[in-house]
Every structure is written in structure tokens, then in C-alpha cells.
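One structure is given here, and the rest of the page talks about it.
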Amino acid sequence: MTDYRNIVILTGAGLSAESGLGTFRDVDGIWTKYDLNDVATPDGFARNPELVLDFYNARRENAKGAQPNAAHMALARLEAAYPGVVTVVTQNVDTLHEAAGTKNLIHMHGELARSLCNFCGKRHVWEAPLQVDMACPTCEKSGGLRPNVVWFGEMPYAMDDIYQHLSVADLFVSIGTSGTVYPAAGFVAEASRIGAHTVELNLEPSEGASLFDETIHGAATQIVPAFVERLLSDS
Ligand code: APR
């Protein structure tokens, strides 16, 4: 019988893979088709904004048809039914956690369904394709609208909030991430440092697998519902 008080769950592209959204570093991953320096850095956007906007327009369109899978649904069920606090920190920019019903959610790498203006910093819900000459609805300047997605070299969102949650976590679960991109890849060490039990749920051992107290490997739609049922029956 284990009642955790504060569960922090980090999710990555592997959670949405079975919903038809691509991962980045698997065999046919997104970074095997595009050079991330061209489409996921401020320099890439300055060099060729059309290429960057087209890259995210295609991902936004693809994401529109996606449905949350059994793993997303299980995490929403955990948050609703578990006696302790469940916080999901996602690296994903899709809206599948929200669609499954997760409420306590932090998008540390931003959201594809919002725009960000490089001039005034305002964010707007944005479902349509972004074009270079579009004007920001707030400052009305054009040429600065980009997807509200955190690029390499930029600071992820809500880091103070995330470290606050980690500082009181007694269970840290990492799901569907390769553990290669910081600061997210460092969360397991932070959770271990304060004595949390750490678990990796992933298709295969991630780069950081040895840092976890427990590792469970398999497809997210199989292992995440089973893990959630175990937590709920133990509580
Ligand atoms: N079930 C569980 N895990 C899976 C599945 C699946 N069906 N399919 C793939 N995985 C695992 C892979 O084994 C891999 O370890 O998901 C992980 C995906 O790793 P990445 O493609 O590197 O994605 P992620 O870890 O989310 O990338 C982190 O890098 O490019 C940036 O900003 C981007 O948020 C992203 C960050």
C-alpha cells in the first residue's frame, strides 16, 4: 500500500506516437527528415521563416486529426481518481493530454495550437496555417508571428513551477521520452536527489534508463494503463 502525496509525470513524443504523431529520434523520426537547426532554432527562423512556418503548419494539420490514446486517457484517470496530487509536465506540443481530460498540465516546450509574436510577445490560439506576412492580432506588426513552440537554445516555459513540483515529489514517472534533451532529461536526477521513487515507462531503455529506480518497457498504450491501475489499486 503506497500513497504518494505528489506525483510528477514527464511525457515525451513516445506518448503520442500511437496517436499517429511522429517522434523525433526514432528510426523514421522527425529529425531524420529535417535538420533541427533549420526548423527549430531562432537562427533557422531568421534565415528562412517560410520553411519554419511550413514545417509547423504541416505538424499542426497532422495533429488536428489525432486522438488521445489509452495512455493519455489513463493519465487523466489517474489525476481524477488518485488521492495525491498528479502533475503532468509535457514536452509535447500537441493537445492530446487536454483532449483526454488532464487538467494539471504544464507545456514546457509550448503549444502548436498557439502563435507567439516576436515583437510584442503575445500568444494567441492559432489553428490556421501561419504565414510570414500575417500581422499579430495585438501589435498588428507582421513578420514576427511564429508558433508558440520552444526552440533549441531557448528557455523552456514554467521552469520555476516545474522545479517547485519536483522539490516535493515522492514519485517521478518519465513516459515516452529519449532522455536526451535538457532540462527535461535532468528531472529524474533532481527527483532522485530529494528521495522520490523514479520510474521510466518507455518503448525501450532511454539514454537515462540507468538513472531510474524502476524501468518498464513496452508500448505506452499497454504499459501506462497497467501502471496507472497498479497505482490506483495500491492507493
Ligand atoms: N510507446 C512508448 N514509448 C515510445 C513509443 C511508444 N509507442 N514510441 C516511441 N517511444 C519512445 C522511443 O523509444 C523514444 O525513447 O519515445 C521516445 C521518443 O524520443 P524522442 O523522439 O527523442 O522524443 P522526446 O524525448 O519527446 O524529445 C524531446 O526534443 O526535439 C525536441 O522539443 C523536442 O520535445 C522534444 C524533445
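The values are calculated or read from the model by the stated rules, or taken from the named source; none is laboratory data. On a predicted model such as this, the values are computed, not experimentally measured, just so you know. Cβ sites come from the backbone with ideal geometry, for glycine too, and all protein chains shown count toward neighbours. Please note that ligands, DNA and RNA were not included when accessible areas were found on the heavy atoms of the full protein model with its side chains. Shrake-Rupley method; radii C 1.70, N 1.55, O 1.52, S 1.80 Å.
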- prompt: Taking Cα pairs under 8 Å and at least six residues apart, what relative contact order does segment 102-235 come out at, in percent?
  reply: 17 percent
query: Counting only complete DSSP H runs, which helices of the chain cover 15 Å or more along their long axis at the Cα atoms and score a mean Kyte-Doolittle of -1.0 or above?
result: 49-64, 70-81, 220-234
- request: Leaving ligands, DNA and RNA out of it, rank T95, T221 by accessible area with a 1.4 Å probe, largest first.
  value: T95, T221
- prompt: Which order, highest average first, do 139-150, 117-128, 169-180 follow once you tally other Cβ atoms within 10 Å for each residue and take the mean per peptide?
  reply: 169-180, 139-150, 117-128
message: Taking amide H atoms as placed 1.01 Å from N in the peptide plane, list the residues 5 or more away in sequence, or in a different chain, whose amide H sits under 5 Å from that of F119.
response: none
field: A58-D38 pseudo-label distance in nm [points 7 Å out on the Cα-to-Cβ vector]
entry: 0.9 nm
- request: At 0.36 nm per residue, minus the direct Cα-Cα distance, what do F119 and Y82 gain on full extension? Give it in nm, one decimal, please.
  value: 9.1 nm
field: lysines with Cα under 27 Å of K33, excluding same-chain neighbours fewer than 8 positions away
entry: K64
- line: Between C139 and E229, Cβ-based FRET efficiency (R0 45 Å, step 0.05) works out to 0.35
message: If I compute solvent accessible area with a 1.4 Å probe over the protein chains, what percent of it on segment 121-235 is carbon and sulfur?
response: 52 percent
- prompt: So what is Rg over Rh here for segment 1-97, counting just Cα atoms and using Kirkwood for Rh?
  reply: 1.08
statement: If amide H atoms are modeled at 1.01 Å from N in the peptide plane, then the residues at a separation of 5 or more from T198, or on another chain, having amide H under 5 Å from its own are F172, D213, E214
